[in-house]
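The values are calculated or read from the model by the stated rules, or taken from the named source; none is laboratory data. Here the structure is a predicted model, which means the values were calculated and not measured. Cβ atoms come from the backbone with ideal geometry, glycine included; neighbour counts cover every protein chain shown.
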Amino acid sequence: MRIHFATAELAPLVQAGGLGDAVTGLALALAARGHTLTCVLPAYRRALASPACPTLAPAGEVRITLPDGELAGRWLEGTLSPGVRLRLLDLPRLYDRPGLYGEQGRDYADNPLRYIALARAVAALCRAERPDALVVHDWHAALAVATLRTVFTHDGGRETATVQVVHNNAYQGRCAPELYAATGLPSGLYHPDGVEAWGSLCLLKAGIMFADRIVAVSPGYAREIQRAPAGEGLEGAYTFLAHRLSGIANGIDTARFDPSTDPALPARYSAEKPAGKARCRAALLAELGLPPARPGRLCVMIGRFAQQKGWDVLAAAIDDLVEGGATLALLGAGDAGIATRIRAAAARHPQRVALRAGFDDALARRMYAGADAVLIPSRFEPCGLVQMIAQRYGAVPVAHRVGGLSDTIAEPRARVRGLDWSRASGVLFDPLSPDTLASAAAKVGALADAGDLPAVQQRLLGLDVSWSAPALRWEKLLRAAVRDVRARA
């Protein structure tokens, strides 16, 4: 199949979070299965300056008519990897800026227009090239789906199957109704069954309402967005379109995250040769200035200080975790209030809690490698990468039972005496509270006390958390969507 991806982020060129990793991982996995991918994204200043940016050549003009004039630019084309072509939308007025979405903690005021332009250019590109399928990621390019199905419906717009991917429904591209004129859509679509949501123009809804398929990034998240609060006001639309909605969990880049080859680690290890993990554990404690930790009690947490990620819950649980025997290694930055609480807890327990502010990718991988458990108390998690990276490095994820976490972690089964870990790949807990987090982490300690932690770690190291299985599911979905579109033609 010839497949076009439209996205705001693409690793390693440009990304602000996990979206870029997920889009690239899926594109590479589908290309490996023999499909031809074209990834379309803005020609951000940061993308053009990236060391990973390939040689680009002009590939045609772009003109977008707006109510107040015309945007003129061009396409730039290159090859990211075998089977994956790049198309960058070069509109300097919109994308030649220092930041991706904004600067100094503020979004650019014209972000809706920036991504309306991207979506309209994507739709025109698909009209010209007529790929088998267009896959749009999150709200940034969702308008392209509605444009194909309305503006270009009699000009090739119905020949391409369309898929709207929902990576994070909390971000919907809601903007002022006055911007409707800039969308280029026909009059009459600004209503609750079209692109309006609670008094706003909702760009994500332009994809949801017109796409042939809607894919959330895990089965659990596909269920959650059909009700409040995860639906964020669109739960009615998702429920109405449930026959088009499915969930496919992401994978991770198992070449990048590989403890058998990772140059950041003091020792390499694998499921076949697991001994190096113990050396990584000892080295991590020494690097962080912590004394030896009890088996099963070295817990790490990595990521952005935010309530969504549950760092406030972790801050409230630190005293209980330490009292239960845990040693904590923490890496992150973000919300100032949460950071203050965590620093205070670290000061109370200098021999048991180590905090490193900011983000250091190499240190993060050493923390995964050294950890007994990785704490993931997220309030919501559409899919999540942390739990799969933890598993890849042989650390037990301890996670709130929500979204993709519940799809990618098999918890131990209760038995008459203790827990059956024979098929478990982590610990899930609910409800979300400091007490339940501390109790869940204690299960890993109990596992170590029983002498069974090394066997569980070895099994985690052997799990397939790659994109192989998700790519096969995606291929089946895309083939079905293409078949349906051709049957209608």
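Observations on the model:
- Scanning region 399-408 finds one or more residues that are in a loop (DSSP other than H, G, I, E, B) and either of a type outside the set (D, E, K, R) or on the phi < 0 side of the Ramachandran plot (or both).
- Extreme residue, surrounded by the most Cβ atoms within 10 Å (Cβ to Cβ), among residues of region 298-308 that are touching a Lys or Arg at 6+ places or on another chain (Cβ under 8 Å) and either of a type in the set (D, E, K, R) or more than 12 Å from ARG352 (Cβ to Cβ) (or both): GLY303
- Qualifying residue in region 37-50 (condition: over 17 Å from ASN250 (Cα atoms) and aromatic (Phe, Trp, Tyr)): yes
- Among the candidates ALA283, ALA255, ALA306, ALA271, residue that is out of contact with any strand residue (DSSP E or B) (no Cβ under 7 Å at 6 or more places or on another chain) and either under 30 Å from ILE208 (Cα atoms) or free of Cβ contacts under 8 Å to residues at least 24 places away in the same chain (or both): ALA255
- Residue in region 447-469 that is in contact with a helix residue (DSSP H, G or I) (Cβ under 8 Å, 6 or more places away or on another chain), under 29 Å from ALA275 (Cβ atoms), outside any loop (DSSP other than H, G, I, E, B) and of a type in the set (Gly, Ala, Ser) present: yes
- Complete set of residues in region 1-23 that are among the β-branched types (Val, Ile, Thr) and within 11 Å of the chain's Cα centre (by Cα): VAL23
- Some residue of region 20-40 being more than 30 Å from ARG486 (Cα to Cα), touching a residue at least 24 places away in the same chain (Cβ under 8 Å) and surrounded by fewer than 23 Cβ atoms within 10 Å (Cβ to Cβ): yes
- Meets criteria (surrounded by fewer than 20 Cβ atoms within 10 Å (Cβ to Cβ), assigned by TED's automatic domain parsing to the domain that holds ALA123 and over 23 Å from GLU70 (Cβ atoms)) for ASP193: yes
- Among the residues examined, SER422 qualifies as modelled with pLDDT under 95, more than 16 Å from GLN387 (Cα to Cα) and either part of a helix (DSSP H, G or I) or not hydrophobic (A, V, I, L, M, F, W, C) (or both).
- Residue within region 71-80 that is outside any strand (DSSP E or B) and in the same structural domain as TRP139 (by TED's automatic domain parsing) present: no
- Counting residues in region 275-289 that are surrounded by 14 or more Cβ atoms within 10 Å (Cβ to Cβ), part of a loop (DSSP other than H, G, I, E, B) and assigned by TED's automatic domain parsing to the domain that holds ARG356 gives one or more.
- Leading residue by the ranking (surrounded by the most Cβ atoms within 10 Å (Cβ to Cβ)) among those in region 319-350 that are within 29 Å of the chain's Cα centre (by Cα) and basic (Lys, Arg): ARG341
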